[in-house]
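Below: the structure, in C-alpha cells.
The values are calculated or read from the model by the stated rules, or taken from the named source; none is laboratory data. Model, not experiment: these values are computed from the prediction. Don't worry about glycine lacking a Cβ; one is built from the backbone with ideal geometry, like all the others, and counts go over all protein chains shown.
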Amino acid sequence: MTDDQLLRYSRHILLDEVGIEGQQAMLDAHALVIGAGGLGSPAALYLASAGVGRITLVDDDEVDLTNLQRQIAHTTARVGMPKVESAAQAMAAINPQVQVSAVRARADAALLDTLVAQATVVLDCCDNYTTRQAVNAACVRHRVPLVSGAVIRFDAQISVFDTRAEGAPCYACIFPPDAEFEEVRCSTMGVFAPLVGVVGAMQAAEALKLVAGIGTSLAGRMLMLDGRSMEWSTMRMQRVPDCPVCVAR
C-alpha cells in the first residue's frame, strides 16, 4: 500500500475490524455491479471511495432527465450518455486509483457467466425479475456471494445470498424463477428518492464486509424497510430443499 493509499483509507485502517489487512482485501477485490441506476449509483460510488480495486458496471441504458431525481451518479450535463460511462466518470472523480470497467450491455446469462466468474462479490442493483434470476443463477454456479437490493414506491429490501454457507438460501429459494410475478417499475409506480440511497449504500456496506471478512452478513436474513414510518422488519430465510437453482450446485 502506498503512502497516498494509507492516507486516503486511513479512516478504514483505524478500525480494528478493518485495519491494513481488510483494506488490502478491498484493494485486491473485484466487485461486479449489475445496474447503474438508483441502487447502482450509491453502491458504486461507495465501493469506489472505499478503494475496491476493480469495479465492473453493467447497464444497457442511457441517462434520462427522469433519472436525476434519484440516480446520484449522473448529472444534467450527462443526459443521453450511457449510464455506465456516466457512473464511471463520477467514480473516477472520487477515486482515480480504482479500475472501472464500463460494460454497456444487458446482463444476459452468457455475459453473466463470464463476468461473475471473475468477481469477488456481485451487487444486484437492477430493476427487473428476469435479470435478478439470471444474476442469482450465475452466482450460485460460480459460488460468488450476491448482495441484492430492491426499492419501489416507499418499500425497500436488502439481503445477501451466499450459498457458500451451509443451508444458506439463494434468491430463487425465496422468489422461485417460475412464479407468476407482476413486474413493477418506478417509471409507472414511482419511487421515493432517498430510499435507493439508503439501500444502495447498505449494499456497498454488505459487499465490503464480505470482501474484508467483517462481522456477520445478511445471508439468511432479509431486511425490509417501510419508508413511510421508517420501520425495519427482518425475515429469516432458509434454503428450499427442492430449489431448482441451488440444490444441485
Would you kindly identify the helices (runs of 4 or more DSSP H) lying entirely within segment 49-144 that contain at least 1 residues that are over 16 Å from I34 (Cα atoms)? 83-94, 129-142
Please pick out the residue among T76, T66 that is in contact (Cβ under 8 Å) with a residue 60 or more places away in the chain, polar (S, T, N, Q) and either farther than 22 Å from S101 by Cα or in contact with a Phe, Trp or Tyr (Cβ under 9 Å, 6 or more places away or on another chain) (or both). T66
Cβ pairs under 8 Å, 6+ apart or interchain, first in segment 1-30 and in contact (Cβ under 8 Å) with a residue 12 or more places away in the chain, second β-branched (V, I, T) and surrounded by fewer than 18 Cβ atoms within 10 Å (Cβ to Cβ), ordered by first then second residue, are M1/I20; E17/I214; V18/I214; G22/I214
By residue number, the members of segment 127-143 that are closer than 15 Å to A31 by Cβ and buried (at least 22 other Cβ atoms within 10 Å of the Cβ) are V135, A138, C139
Being modelled with pLDDT under 85 and either in contact with a helix residue (DSSP H, G or I) (Cβ under 7 Å, 6 or more places away or on another chain) or of a type in the set (K, R) (or both) is the filter here; which residues of segment 170-210 pass it? F181, E183, R185
Residue list for segment 26-50, filter: more than 25 Å from L68 (Cβ to Cβ) and surrounded by fewer than 21 Cβ atoms within 10 Å (Cβ to Cβ): L27, D28, H30
Scan D64, D124 and give me the residue that is surrounded by fewer than 17 Cβ atoms within 10 Å (Cβ to Cβ) and modelled with pLDDT of 95 or more. D64
